[in-house]
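The values are calculated or read from the model by the stated rules, or taken from the named source; none is laboratory data. Nothing here was measured: the structure is a model prediction, and the numbers come from that model. Every residue, glycine as well, gets a Cβ built from its backbone with ideal geometry; the counts of neighbours run over all protein chains shown.
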Amino acid sequence: MSATGQPSTDDAAVRPRAITIAILAMGGEGGGVLSDWIVDLAEHSGYAAQTTSVPGVAQRTGSTIYYVEIFPEASVHAAGKQPVLALMPVPGEVDIVIASELMEAGRAIQRGLVTPDRTTLITSTHRVYSMTEKTAIGDGQVDSKTLIDACGAAARRLVDADFQSMAQTHRSVISAALFGALAGTTTLPFDRDAFESSVRRGEVGVDSSLAAFADGFRSATTGRVAGPTSAASTGANIAAGLHGIAERVRAKFPLQAHDILLPAVERLTDYQNRQYAAGYLDRLEPVRELDATYGGGDFRLLRETARHLALWMTYEDAIRVADLKIRHARFERVQRESRASDTQLVTISEFLHPGVEEIADILPAGLGRFVARSIWVKRGIEKLTDGGMVVRTTSLWGFLQLFVLAALRPLRPKSLRFQEEQRRIGEWLGVLPGLVREDYALALEMAELPRIIKGYGDTHHRGRGSFDAVMAVLPRLRRRPGAAETVRKLRDAFMADDSGGQFADAMREADAATSIDDTQRTHGRQSTPVIEA
(Lines give C-alpha, C1' and ligand atoms only; values in the text may rest on other atoms or scores of the structure.)
Protein backbone atom coordinates (compact mmCIF):
# COMPACT_ATOMS: atom_id res chain seq x y z
CA MET A 1 0.00 0.00 0.00
CA SER A 2 1.14 3.55 -0.73
CA ALA A 3 1.00 6.51 1.66
CA THR A 4 -2.37 7.44 0.24
CA GLY A 5 -3.80 3.99 0.87
CA GLN A 6 -3.99 3.12 -2.85
CA PRO A 7 -3.47 -0.55 -3.72
CA SER A 8 -0.10 -1.30 -5.30
CA THR A 9 0.17 -2.66 -8.83
CA ASP A 10 3.91 -3.40 -9.00
CA ASP A 11 6.92 -3.79 -6.76
CA ALA A 12 7.82 -0.10 -6.96
CA ALA A 13 4.42 0.92 -5.67
CA VAL A 14 5.03 -0.64 -2.22
CA ARG A 15 7.54 2.09 -1.45
CA PRO A 16 6.04 5.18 0.20
CA ARG A 17 5.43 8.09 -2.10
CA ALA A 18 4.36 11.67 -1.68
CA ILE A 19 0.72 12.59 -1.39
CA THR A 20 0.05 15.15 -4.12
CA ILE A 21 -2.50 17.95 -3.87
CA ALA A 22 -3.36 20.56 -6.50
CA ILE A 23 -5.45 23.61 -5.60
CA LEU A 24 -6.97 25.71 -8.40
CA ALA A 25 -8.26 29.05 -7.14
CA MET A 26 -8.91 32.57 -8.37
CA GLY A 27 -7.63 35.78 -6.86
CA GLY A 28 -9.04 36.68 -3.46
CA GLU A 29 -10.40 33.21 -2.68
CA GLY A 30 -7.71 32.25 -0.19
CA GLY A 31 -5.96 29.56 -2.22
CA GLY A 32 -2.66 30.52 -0.62
CA VAL A 33 -4.20 30.30 2.85
CA LEU A 34 -5.57 26.84 2.04
CA SER A 35 -2.17 25.58 0.89
CA ASP A 36 -0.54 27.06 4.01
CA TRP A 37 -3.06 25.26 6.22
CA ILE A 38 -2.28 21.96 4.50
CA VAL A 39 1.47 22.47 4.92
CA ASP A 40 1.02 23.41 8.59
CA LEU A 41 -1.23 20.37 9.09
CA ALA A 42 1.35 18.04 7.54
CA GLU A 43 4.36 19.45 9.36
CA HIS A 44 2.64 19.22 12.75
CA SER A 45 1.64 15.63 11.99
CA GLY A 46 5.06 14.21 11.20
CA TYR A 47 5.22 14.86 7.46
CA ALA A 48 7.62 16.79 5.30
CA ALA A 49 5.80 19.29 3.08
CA GLN A 50 6.54 21.46 0.08
CA THR A 51 4.31 24.01 -1.60
CA THR A 52 4.64 26.03 -4.78
CA SER A 53 2.31 28.31 -6.69
CA VAL A 54 2.05 29.01 -10.39
CA PRO A 55 0.11 32.19 -11.16
CA GLY A 56 -1.81 32.35 -14.40
CA VAL A 57 -4.42 34.46 -16.13
CA ALA A 58 -8.05 33.42 -16.37
CA GLN A 59 -10.85 35.15 -18.22
CA ARG A 60 -12.39 36.28 -14.94
CA THR A 61 -9.60 37.14 -12.50
CA GLY A 62 -6.11 35.88 -11.71
CA SER A 63 -6.11 32.09 -11.56
CA THR A 64 -3.39 30.29 -9.60
CA ILE A 65 -2.42 26.63 -9.22
CA TYR A 66 -1.09 25.89 -5.75
CA TYR A 67 0.70 22.57 -5.54
CA VAL A 68 1.49 20.70 -2.32
CA GLU A 69 3.38 17.47 -1.79
CA ILE A 70 3.68 15.83 1.64
CA PHE A 71 5.84 12.86 2.59
CA PRO A 72 5.99 10.87 5.88
CA GLU A 73 9.04 11.77 7.97
CA ALA A 74 9.21 8.19 9.28
CA SER A 75 9.92 6.93 5.78
CA VAL A 76 12.60 9.61 5.37
CA HIS A 77 14.38 8.45 8.52
CA ALA A 78 14.03 4.80 7.55
CA ALA A 79 15.51 5.41 4.11
CA GLY A 80 18.22 7.71 5.40
CA LYS A 81 17.77 10.20 2.59
CA GLN A 82 15.52 13.10 1.70
CA PRO A 83 12.65 12.66 -0.80
CA VAL A 84 12.63 14.51 -4.09
CA LEU A 85 9.39 16.48 -4.27
CA ALA A 86 8.04 17.94 -7.50
CA LEU A 87 7.36 21.62 -8.08
CA MET A 88 4.45 21.17 -10.49
CA PRO A 89 1.49 18.80 -10.72
CA VAL A 90 1.96 16.07 -13.31
CA PRO A 91 -1.06 14.78 -15.28
CA GLY A 92 -2.10 11.40 -13.94
CA GLU A 93 -0.08 11.81 -10.73
CA VAL A 94 -2.37 13.91 -8.53
CA ASP A 95 -4.16 12.40 -5.53
CA ILE A 96 -6.37 15.35 -4.57
CA VAL A 97 -7.60 18.27 -6.67
CA ILE A 98 -9.41 21.15 -4.96
CA ALA A 99 -11.19 23.64 -7.21
CA SER A 100 -12.64 26.87 -5.84
CA GLU A 101 -15.19 27.14 -8.66
CA LEU A 102 -16.81 24.76 -11.13
CA MET A 103 -15.02 26.05 -14.22
CA GLU A 104 -11.69 25.65 -12.41
CA ALA A 105 -12.59 21.99 -11.90
CA GLY A 106 -13.19 21.75 -15.64
CA ARG A 107 -9.77 23.28 -16.28
CA ALA A 108 -8.18 20.68 -14.00
CA ILE A 109 -9.85 17.89 -15.94
CA GLN A 110 -8.77 19.44 -19.22
CA ARG A 111 -5.16 19.53 -17.99
CA GLY A 112 -5.30 15.83 -17.09
CA LEU A 113 -4.87 16.45 -13.36
CA VAL A 114 -8.00 14.44 -12.51
CA THR A 115 -7.97 10.69 -13.18
CA PRO A 116 -10.60 8.05 -12.35
CA ASP A 117 -8.13 5.58 -10.84
CA ARG A 118 -6.54 7.99 -8.37
CA THR A 119 -7.95 11.49 -7.87
CA THR A 120 -10.39 12.77 -5.28
CA LEU A 121 -11.92 15.96 -6.71
CA ILE A 122 -13.38 18.58 -4.38
CA THR A 123 -15.11 21.46 -6.16
CA SER A 124 -17.50 24.26 -5.37
CA THR A 125 -20.52 24.29 -7.66
CA HIS A 126 -21.00 28.06 -7.72
CA ARG A 127 -20.02 29.90 -10.89
CA VAL A 128 -17.92 32.96 -11.63
CA TYR A 129 -18.73 33.56 -15.26
CA SER A 130 -16.01 34.08 -17.84
CA MET A 131 -15.98 37.10 -20.13
CA THR A 132 -17.13 35.00 -23.09
CA GLU A 133 -20.13 33.85 -21.07
CA LYS A 134 -20.94 37.39 -19.93
CA THR A 135 -20.62 39.04 -23.32
CA ALA A 136 -22.56 36.44 -25.32
CA ILE A 137 -25.71 37.92 -26.86
CA GLY A 138 -27.65 34.78 -26.06
CA ASP A 139 -27.30 32.38 -23.15
CA GLY A 140 -23.56 31.81 -23.35
CA GLN A 141 -23.10 30.18 -19.96
CA VAL A 142 -21.56 26.74 -19.79
CA ASP A 143 -24.07 24.20 -18.52
CA SER A 144 -23.25 23.47 -14.86
CA LYS A 145 -24.85 20.03 -14.90
CA THR A 146 -22.66 19.01 -17.83
CA LEU A 147 -19.57 20.17 -15.93
CA ILE A 148 -20.59 18.28 -12.78
CA ASP A 149 -21.27 15.11 -14.79
CA ALA A 150 -17.83 15.45 -16.38
CA CYS A 151 -16.27 15.85 -12.94
CA GLY A 152 -18.00 12.71 -11.69
CA ALA A 153 -16.83 10.72 -14.70
CA ALA A 154 -13.24 11.97 -14.50
CA ALA A 155 -12.60 11.53 -10.76
CA ARG A 156 -12.24 8.51 -8.50
CA ARG A 157 -14.40 10.37 -6.00
CA LEU A 158 -16.27 13.66 -6.38
CA VAL A 159 -17.27 16.00 -3.55
CA ASP A 160 -19.31 18.89 -4.93
CA ALA A 161 -21.28 21.55 -3.08
CA ASP A 162 -21.74 25.31 -3.01
CA PHE A 163 -18.82 25.98 -0.68
CA GLN A 164 -18.94 29.68 -1.51
CA SER A 165 -22.40 30.01 0.04
CA MET A 166 -21.22 28.13 3.12
CA ALA A 167 -18.37 30.58 3.55
CA GLN A 168 -20.56 33.63 3.01
CA THR A 169 -23.07 32.37 5.57
CA HIS A 170 -20.34 32.56 8.21
CA ARG A 171 -18.63 35.65 6.75
CA SER A 172 -15.58 33.61 5.99
CA VAL A 173 -13.65 32.69 2.82
CA ILE A 174 -14.22 29.68 0.60
CA SER A 175 -10.84 28.18 1.53
CA ALA A 176 -12.16 27.38 5.03
CA ALA A 177 -15.14 25.44 3.68
CA LEU A 178 -12.91 23.60 1.18
CA PHE A 179 -10.48 22.71 3.98
CA GLY A 180 -13.39 21.21 5.90
CA ALA A 181 -14.43 19.19 2.86
CA LEU A 182 -10.87 17.93 2.51
CA ALA A 183 -10.98 16.75 6.11
CA GLY A 184 -14.33 15.09 5.52
CA THR A 185 -13.03 12.99 2.61
CA THR A 186 -10.47 11.26 4.89
CA THR A 187 -8.05 11.11 1.96
CA LEU A 188 -5.33 12.57 4.17
CA PRO A 189 -4.09 10.50 7.15
CA PHE A 190 -5.04 13.15 9.74
CA ASP A 191 -8.08 13.46 12.00
CA ARG A 192 -10.47 16.43 12.21
CA ASP A 193 -8.84 17.83 15.34
CA ALA A 194 -5.53 18.13 13.51
CA PHE A 195 -7.21 20.08 10.69
CA GLU A 196 -8.94 22.44 13.10
CA SER A 197 -5.70 22.99 15.02
CA SER A 198 -4.10 24.28 11.81
CA VAL A 199 -6.87 26.86 11.47
CA ARG A 200 -6.41 27.94 15.08
CA ARG A 201 -2.67 28.34 14.63
CA GLY A 202 -3.39 30.78 11.79
CA GLU A 203 -4.90 33.16 14.40
CA VAL A 204 -6.91 35.07 11.78
CA GLY A 205 -10.70 34.85 11.59
CA VAL A 206 -10.58 31.64 13.58
CA ASP A 207 -14.23 31.46 14.69
CA SER A 208 -15.73 32.22 11.27
CA SER A 209 -13.24 29.91 9.54
CA LEU A 210 -14.07 27.02 11.86
CA ALA A 211 -17.80 27.56 11.30
CA ALA A 212 -17.31 27.39 7.52
CA PHE A 213 -14.96 24.43 8.03
CA ALA A 214 -17.72 22.58 9.88
CA ASP A 215 -20.19 23.07 7.04
CA GLY A 216 -17.64 21.87 4.50
CA PHE A 217 -16.83 18.82 6.62
CA ARG A 218 -20.51 17.99 7.03
CA SER A 219 -21.10 18.33 3.29
CA ALA A 220 -18.29 15.88 2.48
CA THR A 221 -19.41 13.32 5.04
CA THR A 222 -23.21 13.51 4.78
CA GLY A 223 -23.96 15.53 1.65
CA ARG A 224 -26.00 17.98 3.73
CA VAL A 225 -25.37 21.44 5.11
CA ALA A 226 -27.09 22.84 8.18
CA GLY A 227 -29.10 25.99 7.90
CA PRO A 228 -32.13 27.33 6.05
CA THR A 229 -32.57 26.82 2.35
CA SER A 230 -34.06 29.36 -0.01
CA ALA A 231 -37.12 28.50 -2.05
CA ALA A 232 -38.18 29.95 -5.35
CA SER A 233 -41.26 32.09 -5.49
CA THR A 234 -44.19 29.77 -6.01
CA GLY A 235 -47.01 31.97 -4.88
CA ALA A 236 -47.16 30.43 -1.42
CA ASN A 237 -44.56 32.96 -0.30
CA ILE A 238 -45.52 35.77 -2.67
CA ALA A 239 -44.86 39.29 -1.43
CA ALA A 240 -47.33 40.88 0.93
CA GLY A 241 -49.98 42.93 -0.83
CA LEU A 242 -49.97 40.76 -3.96
CA HIS A 243 -52.23 37.97 -2.79
CA GLY A 244 -55.13 39.34 -4.80
CA ILE A 245 -53.21 39.32 -8.07
CA ALA A 246 -51.78 35.91 -7.19
CA GLU A 247 -55.32 34.59 -6.79
CA ARG A 248 -56.14 35.97 -10.24
CA VAL A 249 -53.23 34.00 -11.68
CA ARG A 250 -54.38 30.80 -9.98
CA ALA A 251 -58.01 31.27 -10.98
CA LYS A 252 -57.63 32.51 -14.55
CA PHE A 253 -54.44 30.91 -15.87
CA PRO A 254 -53.44 27.26 -16.28
CA LEU A 255 -51.19 25.59 -13.75
CA GLN A 256 -48.50 25.09 -16.43
CA ALA A 257 -47.80 28.85 -16.45
CA HIS A 258 -47.88 29.62 -12.73
CA ASP A 259 -44.13 29.17 -12.25
CA ILE A 260 -43.60 32.02 -14.72
CA LEU A 261 -46.58 34.26 -13.97
CA LEU A 262 -46.25 34.44 -10.19
CA PRO A 263 -42.60 35.63 -10.16
CA ALA A 264 -43.43 37.88 -13.12
CA VAL A 265 -46.15 39.83 -11.30
CA GLU A 266 -43.78 40.33 -8.37
CA ARG A 267 -41.12 41.64 -10.73
CA LEU A 268 -43.52 43.97 -12.53
CA THR A 269 -44.94 45.34 -9.28
CA ASP A 270 -41.45 45.97 -7.96
CA TYR A 271 -40.55 47.64 -11.25
CA GLN A 272 -43.58 49.94 -11.45
CA ASN A 273 -46.73 49.15 -9.44
CA ARG A 274 -49.61 46.67 -9.04
CA GLN A 275 -51.60 48.25 -11.87
CA TYR A 276 -48.68 47.62 -14.19
CA ALA A 277 -48.63 43.95 -13.16
CA ALA A 278 -52.41 43.72 -13.69
CA GLY A 279 -51.95 45.18 -17.17
CA TYR A 280 -49.43 42.43 -17.86
CA LEU A 281 -52.06 39.80 -17.09
CA ASP A 282 -54.62 41.68 -19.19
CA ARG A 283 -52.31 41.38 -22.18
CA LEU A 284 -51.87 37.65 -21.63
CA GLU A 285 -55.53 36.68 -21.36
CA PRO A 286 -56.10 36.64 -25.17
CA VAL A 287 -52.97 34.53 -25.58
CA ARG A 288 -54.28 32.11 -22.96
CA GLU A 289 -57.57 31.72 -24.83
CA LEU A 290 -55.85 31.15 -28.16
CA ASP A 291 -53.42 28.64 -26.69
CA ALA A 292 -56.26 26.72 -25.08
CA THR A 293 -57.97 26.46 -28.49
CA TYR A 294 -55.08 25.87 -30.88
CA GLY A 295 -52.29 24.56 -28.63
CA GLY A 296 -51.58 21.01 -27.59
CA GLY A 297 -52.49 21.46 -23.94
CA ASP A 298 -49.03 22.29 -22.63
CA PHE A 299 -49.55 26.06 -23.08
CA ARG A 300 -46.09 26.59 -24.57
CA LEU A 301 -47.19 29.74 -26.36
CA LEU A 302 -48.56 31.25 -23.17
CA ARG A 303 -45.42 30.37 -21.22
CA GLU A 304 -43.00 31.82 -23.76
CA THR A 305 -45.09 34.94 -24.33
CA ALA A 306 -45.42 35.48 -20.57
CA ARG A 307 -41.68 35.01 -20.03
CA HIS A 308 -40.53 37.47 -22.68
CA LEU A 309 -43.31 39.98 -22.05
CA ALA A 310 -42.36 40.23 -18.37
CA LEU A 311 -38.72 40.84 -19.24
CA TRP A 312 -39.59 43.35 -21.93
CA MET A 313 -41.94 45.31 -19.69
CA THR A 314 -39.20 45.59 -17.05
CA TYR A 315 -36.47 46.92 -19.32
CA GLU A 316 -33.48 48.52 -17.61
CA ASP A 317 -33.36 52.31 -17.63
CA ALA A 318 -31.53 54.88 -15.51
CA ILE A 319 -34.46 55.02 -13.09
CA ARG A 320 -34.31 51.27 -12.48
CA VAL A 321 -30.53 51.26 -12.10
CA ALA A 322 -30.66 54.06 -9.53
CA ASP A 323 -33.42 52.29 -7.61
CA LEU A 324 -31.46 49.03 -7.38
CA LYS A 325 -28.24 50.76 -6.30
CA ILE A 326 -29.73 52.48 -3.25
CA ARG A 327 -31.72 49.58 -1.84
CA HIS A 328 -31.02 48.52 1.72
CA ALA A 329 -30.58 44.90 0.62
CA ARG A 330 -27.76 45.93 -1.70
CA PHE A 331 -25.86 47.76 1.04
CA GLU A 332 -26.25 44.68 3.24
CA ARG A 333 -25.00 42.41 0.45
CA VAL A 334 -21.93 44.56 -0.19
CA GLN A 335 -21.19 44.66 3.54
CA ARG A 336 -21.50 40.88 3.73
CA GLU A 337 -19.46 40.14 0.61
CA SER A 338 -16.68 42.53 1.66
CA ARG A 339 -16.51 40.58 4.93
CA ALA A 340 -16.33 43.82 6.86
CA SER A 341 -17.16 43.70 10.55
CA ASP A 342 -19.99 45.67 12.10
CA THR A 343 -17.49 48.24 13.35
CA GLN A 344 -15.89 48.85 9.94
CA LEU A 345 -17.09 51.44 7.44
CA VAL A 346 -17.65 50.35 3.83
CA THR A 347 -17.54 52.93 1.05
CA ILE A 348 -19.37 52.23 -2.22
CA SER A 349 -18.46 54.23 -5.32
CA GLU A 350 -20.62 53.90 -8.43
CA PHE A 351 -18.88 54.56 -11.74
CA LEU A 352 -21.50 55.92 -14.14
CA HIS A 353 -21.22 57.10 -17.72
CA PRO A 354 -24.67 58.28 -18.86
CA GLY A 355 -25.03 58.98 -22.56
CA VAL A 356 -27.41 61.22 -24.46
CA GLU A 357 -29.72 58.31 -25.23
CA GLU A 358 -29.98 57.21 -21.58
CA ILE A 359 -30.90 60.77 -20.57
CA ALA A 360 -33.39 61.25 -23.41
CA ASP A 361 -35.02 57.89 -22.62
CA ILE A 362 -36.22 58.96 -19.16
CA LEU A 363 -37.44 62.43 -20.21
CA PRO A 364 -41.07 63.10 -21.20
CA ALA A 365 -41.57 61.78 -24.73
CA GLY A 366 -41.70 65.16 -26.48
CA LEU A 367 -38.69 66.55 -24.65
CA GLY A 368 -36.80 63.30 -25.10
CA ARG A 369 -37.30 63.39 -28.88
CA PHE A 370 -36.10 66.99 -28.96
CA VAL A 371 -32.94 66.12 -27.00
CA ALA A 372 -32.24 63.09 -29.20
CA ARG A 373 -32.58 65.15 -32.41
CA SER A 374 -30.91 68.40 -31.37
CA ILE A 375 -27.23 68.44 -32.28
CA TRP A 376 -26.51 71.36 -29.95
CA VAL A 377 -28.21 69.80 -26.95
CA LYS A 378 -26.46 66.49 -27.61
CA ARG A 379 -23.08 68.21 -27.75
CA GLY A 380 -23.77 69.99 -24.48
CA ILE A 381 -24.73 66.77 -22.71
CA GLU A 382 -21.74 64.92 -24.12
CA LYS A 383 -19.45 67.67 -22.85
CA LEU A 384 -20.94 67.44 -19.35
CA THR A 385 -20.83 63.65 -19.17
CA ASP A 386 -17.52 63.12 -20.96
CA GLY A 387 -15.29 60.92 -18.84
CA GLY A 388 -18.17 59.64 -16.73
CA MET A 389 -18.88 60.36 -13.12
CA VAL A 390 -18.33 58.76 -9.73
CA VAL A 391 -21.20 58.74 -7.25
CA ARG A 392 -20.48 57.59 -3.70
CA THR A 393 -23.78 56.14 -2.56
CA THR A 394 -22.54 55.74 1.00
CA SER A 395 -22.34 59.53 1.28
CA LEU A 396 -25.43 61.68 1.82
CA TRP A 397 -24.97 63.69 -1.39
CA GLY A 398 -24.29 60.64 -3.54
CA PHE A 399 -27.26 58.77 -2.09
CA LEU A 400 -29.58 61.74 -2.64
CA GLN A 401 -28.56 62.02 -6.31
CA LEU A 402 -29.65 58.46 -7.04
CA PHE A 403 -32.64 58.75 -4.71
CA VAL A 404 -34.02 61.66 -6.75
CA LEU A 405 -33.45 59.73 -9.98
CA ALA A 406 -35.17 56.62 -8.60
CA ALA A 407 -38.08 58.80 -7.42
CA LEU A 408 -38.96 59.45 -11.09
CA ARG A 409 -40.54 55.98 -11.28
CA PRO A 410 -44.16 57.26 -11.19
CA LEU A 411 -43.34 59.44 -14.23
CA ARG A 412 -41.83 56.57 -16.23
CA PRO A 413 -45.03 55.90 -18.30
CA LYS A 414 -44.67 59.40 -19.81
CA SER A 415 -41.04 58.85 -20.80
CA LEU A 416 -39.77 58.44 -24.34
CA ARG A 417 -38.34 54.95 -23.80
CA PHE A 418 -41.50 53.68 -22.13
CA GLN A 419 -43.72 54.79 -24.98
CA GLU A 420 -41.36 53.36 -27.61
CA GLU A 421 -41.19 50.00 -25.86
CA GLN A 422 -44.95 49.84 -25.37
CA ARG A 423 -45.47 50.52 -29.07
CA ARG A 424 -43.20 47.65 -30.06
CA ILE A 425 -44.79 45.35 -27.49
CA GLY A 426 -48.22 46.16 -28.91
CA GLU A 427 -47.08 45.41 -32.46
CA TRP A 428 -45.53 42.12 -31.36
CA LEU A 429 -48.57 40.95 -29.40
CA GLY A 430 -50.86 42.15 -32.21
CA VAL A 431 -49.51 39.63 -34.73
CA LEU A 432 -49.79 36.58 -32.46
CA PRO A 433 -53.58 35.94 -32.73
CA GLY A 434 -53.52 35.69 -36.51
CA LEU A 435 -50.39 33.53 -36.46
CA VAL A 436 -51.83 31.11 -33.92
CA ARG A 437 -54.80 30.42 -36.17
CA GLU A 438 -52.61 29.99 -39.26
CA ASP A 439 -49.42 28.36 -37.96
CA TYR A 440 -48.94 27.55 -34.27
CA ALA A 441 -45.25 26.76 -34.74
CA LEU A 442 -44.65 30.17 -36.34
CA ALA A 443 -46.53 31.89 -33.50
CA LEU A 444 -44.30 30.09 -31.00
CA GLU A 445 -41.14 31.26 -32.76
CA MET A 446 -42.44 34.83 -32.86
CA ALA A 447 -43.23 34.62 -29.14
CA GLU A 448 -39.51 34.05 -28.55
CA LEU A 449 -38.38 36.81 -30.90
CA PRO A 450 -37.94 39.45 -28.13
CA ARG A 451 -34.94 37.45 -26.94
CA ILE A 452 -32.86 39.42 -29.44
CA ILE A 453 -33.64 42.76 -27.78
CA LYS A 454 -31.23 42.98 -24.88
CA GLY A 455 -28.20 44.77 -23.56
CA TYR A 456 -27.53 48.46 -24.06
CA GLY A 457 -25.72 50.77 -26.46
CA ASP A 458 -24.82 49.25 -29.82
CA THR A 459 -25.97 45.78 -28.78
CA HIS A 460 -29.43 47.08 -27.95
CA HIS A 461 -29.60 49.07 -31.18
CA ARG A 462 -28.70 46.00 -33.26
CA GLY A 463 -31.24 43.88 -31.43
CA ARG A 464 -34.00 46.45 -31.85
CA GLY A 465 -33.17 46.89 -35.54
CA SER A 466 -33.12 43.14 -36.12
CA PHE A 467 -36.45 42.76 -34.34
CA ASP A 468 -37.98 45.41 -36.59
CA ALA A 469 -36.49 43.69 -39.66
CA VAL A 470 -38.11 40.35 -38.77
CA MET A 471 -41.43 42.04 -38.05
CA ALA A 472 -41.21 43.73 -41.47
CA VAL A 473 -40.55 40.49 -43.35
CA LEU A 474 -43.19 38.54 -41.41
CA PRO A 475 -46.12 39.38 -43.75
CA ARG A 476 -44.23 37.72 -46.63
CA LEU A 477 -43.29 34.70 -44.49
CA ARG A 478 -46.83 33.95 -43.34
CA ARG A 479 -48.46 30.91 -44.94
CA ARG A 480 -45.11 30.02 -46.51
CA PRO A 481 -43.83 26.47 -45.88
CA GLY A 482 -41.03 26.49 -43.35
CA ALA A 483 -41.84 29.97 -42.04
CA ALA A 484 -41.29 28.92 -38.42
CA GLU A 485 -37.89 27.46 -39.28
CA THR A 486 -36.94 30.67 -41.09
CA VAL A 487 -37.75 32.83 -38.05
CA ARG A 488 -35.85 30.47 -35.80
CA LYS A 489 -32.80 30.66 -38.09
CA LEU A 490 -32.99 34.46 -38.10
CA ARG A 491 -33.14 34.57 -34.32
CA ASP A 492 -30.32 32.05 -33.88
CA ALA A 493 -28.17 33.89 -36.42
CA PHE A 494 -28.50 37.10 -34.43
CA MET A 495 -27.71 35.37 -31.13
CA ALA A 496 -24.65 33.63 -32.60
CA ASP A 497 -22.87 36.73 -33.89
CA ASP A 498 -22.60 40.08 -32.13
CA SER A 499 -21.34 41.78 -35.29
CA GLY A 500 -24.65 41.26 -37.12
CA GLY A 501 -23.02 39.56 -40.12
CA GLN A 502 -24.75 36.19 -39.74
CA PHE A 503 -28.09 37.87 -39.23
CA ALA A 504 -27.62 39.96 -42.38
CA ASP A 505 -26.82 36.82 -44.36
CA ALA A 506 -29.87 35.04 -42.94
CA MET A 507 -32.08 38.02 -43.80
CA ARG A 508 -30.82 38.05 -47.40
CA GLU A 509 -31.56 34.34 -47.63
CA ALA A 510 -35.07 34.84 -46.25
CA ASP A 511 -35.70 37.79 -48.61
CA ALA A 512 -34.52 35.77 -51.59
CA ALA A 513 -36.72 32.82 -50.69
CA THR A 514 -39.83 34.94 -50.19
CA SER A 515 -39.13 36.87 -53.42
CA ILE A 516 -38.94 33.60 -55.39
CA ASP A 517 -42.22 32.43 -53.86
CA ASP A 518 -43.88 35.77 -54.69
CA THR A 519 -42.61 35.59 -58.29
CA GLN A 520 -43.85 32.03 -58.70
CA ARG A 521 -47.28 32.90 -57.33
CA THR A 522 -47.48 35.98 -59.61
CA HIS A 523 -46.46 34.03 -62.70
CA GLY A 524 -48.88 31.29 -61.78
CA ARG A 525 -51.76 33.74 -61.63
CA GLN A 526 -50.74 35.34 -64.96
CA SER A 527 -50.32 32.04 -66.80
CA THR A 528 -53.68 30.59 -65.85
CA PRO A 529 -55.78 32.60 -68.36
CA VAL A 530 -53.33 31.79 -71.16
CA ILE A 531 -53.59 28.07 -70.52
CA GLU A 532 -57.40 28.19 -70.42
CA ALA A 533 -57.48 30.17 -73.68
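Brief remarks on what is shown
- In the set (1) out of contact with any Lys or Arg (no Cβ under 9 Å at 6 or more places or on another chain); (2) of a type in the set (A, V, I, L, M); (3) closer than 22 Å to Val54 by Cα; (4) modelled with pLDDT of 90 or more, the condition left unmet by Val94 is number (1).
- So Val204, is it more than 28 Å from the chain's Cα centre (by Cα), within 24 Å of Glu43 (Cβ to Cβ), in the same structural domain as Leu34 (by TED's automatic domain parsing) and modelled with pLDDT under 90: yes
- Scanning segment 204-217 for residues that are charged (D, E, K, R) and surrounded by fewer than 19 Cβ atoms within 10 Å (Cβ to Cβ) yields a single hit, Asp207.
- Qualifying residue in segment 449-458 (condition: in contact (Cβ under 8 Å) with a residue 60 or more places away in the chain, surrounded by fewer than 17 Cβ atoms within 10 Å (Cβ to Cβ) and not in a helix (DSSP H, G or I)): yes
- For first residues located in segment 36-64 and more than 13 Å from Leu188 (Cβ to Cβ), partners that are part of a loop (DSSP other than H, G, I, E, B) and at pLDDT 75 or above and lie 6+ apart or on another chain with Cβ distances below 6 Å form the pairs Gln50/Leu85; Thr52/Leu87; Arg60/Val128.
- Of all residues in segment 345-373, those being among the aromatic types (Phe, Trp, Tyr) and surrounded by fewer than 14 Cβ atoms within 10 Å (Cβ to Cβ) number 1.
- Unmet criterion (only one of (1) assigned by TED's automatic domain parsing to the domain that holds His353; (2) more than 18 Å from Tyr280 (Cα to Cα); (3) in contact (Cβ under 8 Å) with a residue 24 or more places away in the chain) for Arg409: (2)
- Flag for Arg107 being within 14 Å of Ser63 (Cβ to Cβ), surrounded by fewer than 21 Cβ atoms within 10 Å (Cβ to Cβ) and touching a Pro at 6+ places or on another chain (Cβ under 7 Å): no
- Beta carbons closer than 9 Å, at least 6 apart along the sequence or on distinct chains, pair a first residue in segment 78-105 that is in the same structural domain as Arg118 (by TED's automatic domain parsing) with a second that is at pLDDT below 85 and of a type in the set (Ser, Thr, Tyr) for Pro83/Ser75; Asp95/Thr4; Ile96/Thr4; Leu102/Ser144; Met103/Tyr129; Met103/Ser130; Glu104/Ser63.
- Test result for Val390, of a type outside the set (Phe, Trp, Tyr), under 27 Å from the mean Cα position of the chain (by Cα), loosely packed, with under 14 Cβ neighbours inside 10 Å and not in a loop (DSSP other than H, G, I, E, B): yes
- Residue check for Ala322: surrounded by 20 or more Cβ atoms within 10 Å (Cβ to Cβ), more than 27 Å from the chain's Cα centre (by Cα), in a helix (DSSP H, G or I) and assigned by TED's automatic domain parsing to the domain that holds Leu408: no
- Positions within segment 325-344 being surrounded by fewer than 17 Cβ atoms within 10 Å (Cβ to Cβ) and in contact (Cβ under 8 Å) with a residue 40 or more places away in the chain, in sequence order: Phe331, Arg336, Glu337, Arg339
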